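Here the structure is laid out as structure tokens; the discussion comes afterwards.
The values are calculated or read from the model by the stated rules, or taken from the named source; none is laboratory data. Just so it is clear, the structure is predicted and the values come from calculations on it, not from any experiment. Cβ placement follows ideal geometry from the backbone for every residue including glycine, while neighbour counts extend to all protein chains displayed.
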Amino acid sequence: MQVNDIQIAAHSVGQELNILNASTIRDIDATFAKLVQMRADALLVAADPIFFNRASQIVVLATRHAIPALYSRREFVAVGGLMSYGPNADETYHTAGVYAGRILKGEKPGDLPIQLPTKYELVINLKTAKALGLDISPMLLARADEVIE
């Protein structure tokens, strides 16, 4: 679903989109080699547990190859990634805890409603932007929930 939404958004603004898959740790290195070969202008790292566990590796490769990257979690930006936009982790963990409590009190998991995140956060790393030679617009900076300087 995430890929379809991204394809639709890219098409609506006239951008070319290349989807590269990495399902193992070794695939990540190979994917970056392909990105460099393609001369990719930017990278969007999908929300996937394999990527969360390899955040430092991915950020180092994106920086080494000077590829501006957008991530789904702030943890990537905290270790040097350019920017992230995604659900607030504290809210997500709180919701999971509430659900666990309800289940422990006897509610059936199948009876609980599906809840989507309601709070999203934009985090920008200005150090990384400077290292990549990017100017971040003041309007985007003003909209950010956190700016790392």
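Quick notes on this one:
- Residue check, Ala42 closer than 16 Å to Leu132 by Cα and surrounded by 10 or more Cβ atoms within 10 Å (Cβ to Cβ): yes
- Pairs where the first residue, in the range 115-130, is charged (D, E, K, R) and the second is part of a loop (DSSP other than H, G, I, E, B), C-beta under 9 Å, 6+ apart: Lys119/Asn88; Glu121/Asn88; Glu121/Ala144; Glu121/Asp145; Lys127/Gly80; Lys127/Glu149
- Residue in the range 74-84 that is modelled with pLDDT of 95 or more, at positive phi and either surrounded by fewer than 20 Cβ atoms within 10 Å (Cβ to Cβ) or of a type outside the set (Val, Ile, Thr) (or both) present: yes
- Selection status of Val59, touching a strand residue (DSSP E or B) at 6+ places or on another chain (Cβ under 6 Å) and part of a helix (DSSP H, G or I): no
- Scoring Ile136 on the criteria (1) under 17 Å from Glu75 (Cα atoms); (2) out of contact with any Pro (no Cβ under 8 Å at 6 or more places or on another chain); (3) β-branched (Val, Ile, Thr) leaves a single failure, condition (1).
- Candidate set from the range 60-96 (those that are aliphatic (A, V, I, L, M) and without any contact (Cβ under 8 Å) to a residue 24 or more places away in the chain); member that is nearest to Val147 (Cα to Cα): Ala89
- Every pair of residues 6+ apart whose Cβ atoms lie under 7 Å, when the first sits in the range 31-50 and is over 11 Å from Pro68 (Cα atoms) while the second is part of a helix (DSSP H, G or I) and of a type outside the set (Phe, Trp, Tyr): Phe32/Leu61; Ala46/Gln2; Ala47/Gln2
- Residue list for the range 92-124, restricted to those being in a loop (DSSP other than H, G, I, E, B), more than 30 Å from Ile136 (Cβ to Cβ) and of a type outside the set (D, E, K, R): Gly106, Leu112, Pro113, Ile114, Gln115
- Residue list for the range 1-30, filter: within 19 Å of Ser72 (Cβ to Cβ), in contact (Cβ under 8 Å) with a residue 24 or more places away in the chain and assigned to a loop (DSSP other than H, G, I, E, B): Ala22, Ser23
- Checking each residue in the range 58-105 for being closer than 20 Å to Met38 by Cα and polar (S, T, N, Q) picks out only Thr63.
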